[in-house]
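The values are calculated or read from the model by the stated rules, or taken from the named source; none is laboratory data. Predicted, not measured: the structure shown is a model, and the values here were computed from it. Note: ideal-geometry Cβ built from the backbone for every residue, glycine included; neighbour counts use all protein chains shown.
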Amino acid sequence: MFEERKHTKMIRPIVFGLLSMFLFPHSLSSQTMVYLERAENLSYDELRIAHAQILKGNVVFRHDEALMYCDSAYFYENTNSLDAFGHVRFVQGDTLQGFGDLLFYDGNTKLARLRRHVSLVHGKANENPTILTTDSLNYDRMEGVAYYYTGGEVKDTLNTLTSVRGNYRPKTKQAVFSKTVVLTNPRFVLTSDTLLYNTDTKVADIVSPTQIVYEEETDITSSRGWYNTDTEQSMLLDRSVVHHADGNLMTGDTIYYDKRIGFGQVLGNMQMVDSAEQITLYGEYGQMWEEHNRGYATDSALMVDWSDSVHYTYIHADTLFTEEMNYTDSALMDSTYRRVRGHYGVRVYRDDMQMTCDSLIYMGSDSTMHLYRKPICWSENQQLSADSMIVFLVDGTVEHAVGYGNALCVMEDSVNFYNQMSGKEVTAYLNDGEVKLIDMSGNALTIYYPKQDDGEYVGINTTESSFIRIYVENQEIHHIRFTKETTGVLYPMDKIPSGADKLALFFWADDVRPTGPDDVFRKVQK
């Protein structure tokens, strides 16, 4: 009977081929026939399975370059299709194999449907192939894509990916995963709703809200970009966030991040947050190194110290650098602190003091700000300047400021009158954000306007001393103390000599004073 069937097999494909010219709109060139290569037993049962050859024992089919193996099958020659059962194996070329308990194959559409305990192996066995496992898989040979929709797993040499739905193209090695996507890597776990992944390059394309978690190290959240799971380099877009376990955070419009060397580069609306020191660094461009927790910002660079909820510090410069420094404290304990450096065009705003200078160093170890090259500080109606200055903060509030070399203190008394003090060194002490005491030493000179009890000006007093202490109340001079060697002259208001109302160092620069957090960005000409 099996021999007789062989003769009819030679006729039926020809008849079916002629009929297909009339029954199908596409030409014969788009279709090829499925051939039975081998079977140990062939039979028919038209009542139970109409129009089917019932095949058993080491069954093999061939369609183009694909071979299909199984224990038994129903072969429908008139529809160019088959149902295969038991130890199913689908082989295409020398790099693609599919396994399962069931196979439903349509030779006209070239669609293979594998069911139950399914695995698709792509690559040679000795080359660590990519393996897709699921319970239900369709492989479209025309499009060259395998897809599942009831949960599956793809495993390559580095990563394991699971999702509810997914598809994989063996030719390009590109996969698309959707719904509850999890990528597990030896160093991190990536979760997403939709993910594109290439098993060759190991690059994951981020196209939906995605989180990458390094255990006790780093969290990355992004909605768009790519992540190379092998090199751990990434390009993250749309305000992605890199968050470290120590509380440091980096975000921006575009982030290039190399996890392996601990380096990040940010373009557009950059923010670097140090939650331990409570400092945020802003800019349009910046870089960050995880070693020593270093970073810098430029182009609208701004540092905000929010360690005190009442007195925020806003520091702007052309370029701002920040880094973590190590030191040994008074108890011989190893500690760290944050150091911030600002270069060129420094402007600082606090509600208790405002500052400008060419360069600045902010030391977190002792809460001091060191100002260099033409520094000026303002508090209420007082202006301090010197060759260099140090501002000391205690519990987030300015406690005192010291100026060295060509020190000048100016206090605006009215629109036309300025109390002035100059010397080699000046120290101004503040309380609740107001200057209460000023010490001037080293050839100290003063020009001030004493008043009567009714507020009427008495005249102008010029003095010279080695040391002067000025007491301030309600932003006015209350009284002054001099050393015994002091000399001075009091001129009535109507007999003030020309030029006697200004010290040699005098200037008033209220027009360059920062007036608010946003005003630190204002460009001024000194």
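With the condition kept exactly as written, say whether any residue in region 332-340 is assigned to a strand (DSSP E or B), crowded, with 19+ Cβ neighbours inside 10 Å and of a type in the set (Lys, Arg). Don't jump to the end; show me each part of the working.
Pass one, region 332-340, residues assigned to a strand (DSSP E or B): 334-340.
Among the residues that remain, those that are also crowded, with 19+ Cβ neighbours inside 10 Å are: 338, 340.
Narrowing the set further to residues that are of a type in the set (Lys, Arg) leaves 338.
Yes, the conditions are met somewhere in region 332-340.
Take region 119-133 and flag every residue that is of a type in the set (Val, Ile, Thr), closer than 27 Å to Ala73 by Cα and in contact (Cβ under 8 Å) with a residue 24 or more places away in the chain.
So in region 119-133, the residues of a type in the set (Val, Ile, Thr) come out as 121, 130-131, 133.
Within this subset, residues satisfying the condition of being closer than 27 Å to Ala73 by Cα are 121, 131, 133.
The answer is Val121, Ile131.
Output the residues belonging to region 260-276 that are in contact with a Gly (Cβ under 6 Å, 6 or more places away or on another chain) and crowded, with 20+ Cβ neighbours inside 10 Å.
To start, the set of residues in region 260-276 that are in contact with a Gly (Cβ under 6 Å, 6 or more places away or on another chain) comprises 266, 268-270, 272, 275-276.
Once the filter is applied, which keeps residues that are in contact with a Gly (Cβ under 6 Å, 6 or more places away or on another chain) and crowded, with 20+ Cβ neighbours inside 10 Å, region 260-276 yields Val266, Met270, Met272.
Looking only at region 410-423, which residues are in contact (Cβ under 8 Å) with a residue 40 or more places away in the chain and of a type in the set (A, V, I, L, M, F, W, C)?
So in region 410-423, the residues in contact (Cβ under 8 Å) with a residue 40 or more places away in the chain come out as 410-413, 417-423.
Answer for region 410-423, where residues must be in contact (Cβ under 8 Å) with a residue 40 or more places away in the chain and of a type in the set (A, V, I, L, M, F, W, C): Val410, Met411, Phe417, Met421.
Determine whether region 457-468 contains at least one residue that is in contact (Cβ under 8 Å) with a residue 60 or more places away in the chain and within 24 Å of Met389 (Cα to Cα).
Taking region 457-468 as the starting set, the residues that turn out to be in contact (Cβ under 8 Å) with a residue 60 or more places away in the chain are none.
No; the residues of region 457-468 include none that is in contact (Cβ under 8 Å) with a residue 60 or more places away in the chain and within 24 Å of Met389 (Cα to Cα).
Listed here are the residues, each with its yes/no results for (1) surrounded by fewer than 20 Cβ atoms within 10 Å (Cβ to Cβ); (2) within 18 Å of Arg169 (Cβ to Cβ).
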position	(1), (2)
Ala66	no, yes
Tyr74	yes, no
Phe90	no, yes
Ala112	no, yes
Arg115	yes, no
Ser119	yes, yes
Asp140	yes, yes
Thr150	yes, no
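Residue-by-condition table, conditions (1) of a type outside the set (Phe, Trp, Tyr); (2) over 48 Å from the mean Cα position of the chain (by Cα):
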| position | (1), (2) |
| --- | --- |
| Ala66 | yes, no |
| Tyr69 | no, yes |
| Phe99 | no, no |
| Glu127 | yes, no |
| Arg141 | yes, no |
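Would you check which residues across region 344-361 are surrounded by 24 or more Cβ atoms within 10 Å (Cβ to Cβ) and modelled with pLDDT under 95 and list them?
Arg350, Met353
Could you grab the pairs with beta carbons closer than 7 Å, sequence gap of 6+ or different chains, first residue in region 471-485 and surrounded by 12 or more Cβ atoms within 10 Å (Cβ to Cβ), second one at pLDDT 80 or above and not in a strand (DSSP E or B)?
That search, which allows pairs on different chains as well, returns Gln475/Glu380; Gln475/Asn381.
Residues Val154, Val189, Val164: which one is modelled with pLDDT of 95 or more and crowded, with 18+ Cβ neighbours inside 10 Å? Outline the logic, then answer.
Details: Val189 fails: crowded, with 18+ Cβ neighbours inside 10 Å; Val164 fails: crowded, with 18+ Cβ neighbours inside 10 Å.
Exactly one residue qualifies, and that residue is Val154.
For Asp205, state whether it is surrounded by fewer than 17 Cβ atoms within 10 Å (Cβ to Cβ) and within 13 Å of the chain's Cα centre (by Cα). Don't jump to the end; show me each part of the working.
Details: surrounded by fewer than 17 Cβ atoms within 10 Å (Cβ to Cβ): yes; within 13 Å of the chain's Cα centre (by Cα): no.
Answer is no for this residue.
Looking at (1) farther than 18 Å from Tyr418 by Cα; (2) assigned by TED's automatic domain parsing to the domain that holds Lys424, can you tell me which one Asp518 breaks?
(2)
What are the residues in region 168-213 that are among the hydrophobic types (A, V, I, L, M, F, W, C) and either in the same structural domain as Leu137 (by TED's automatic domain parsing) or closer than 16 Å to Gly123 by Cβ (or both), if any?
Residue satisfying the conditions is Ala175 alone.
All but one of (1) part of a strand (DSSP E or B); (2) out of contact with any Ser or Thr (no Cβ under 7 Å at 6 or more places or on another chain); (3) not hydrophobic (A, V, I, L, M, F, W, C) hold for Gly86, so report the exception by its number.
Gly86 satisfies every listed condition except (2).
Residues of region 489-514 being of a type outside the set (A, V, I, L, M), in contact (Cβ under 8 Å) with a residue 40 or more places away in the chain and over 18 Å from Asp413 (Cβ atoms), which ones?
Initially, region 489-514 is screened for residues of a type outside the set (A, V, I, L, M), giving 491-492, 494-495, 497-499, 501-502, 506-508, 510-511, 513-514.
Next cut, in contact (Cβ under 8 Å) with a residue 40 or more places away in the chain only: 501-502, 506-508, 510, 513-514.
Within region 489-514, just Pro514 meets the criteria.
Given the conditions (1) part of a strand (DSSP E or B); (2) at pLDDT below 90, and given that Val415 satisfies all but one, which numbered condition is not satisfied?
Going through (1) part of a strand (DSSP E or B); (2) at pLDDT below 90 one by one, Val415 breaks only (1).
Being surrounded by 17 or more Cβ atoms within 10 Å (Cβ to Cβ) and either modelled with pLDDT under 95 or polar (S, T, N, Q) (or both) narrows it down to one of Tyr257, Tyr327, Tyr296, so name that one.
Numbers: Tyr257 fails: either modelled with pLDDT under 95 or polar (S, T, N, Q) (or both); Tyr327 fails: surrounded by 17 or more Cβ atoms within 10 Å (Cβ to Cβ).
Sole residue among the options that is surrounded by 17 or more Cβ atoms within 10 Å (Cβ to Cβ) and either modelled with pLDDT under 95 or polar (S, T, N, Q) (or both): Tyr296.
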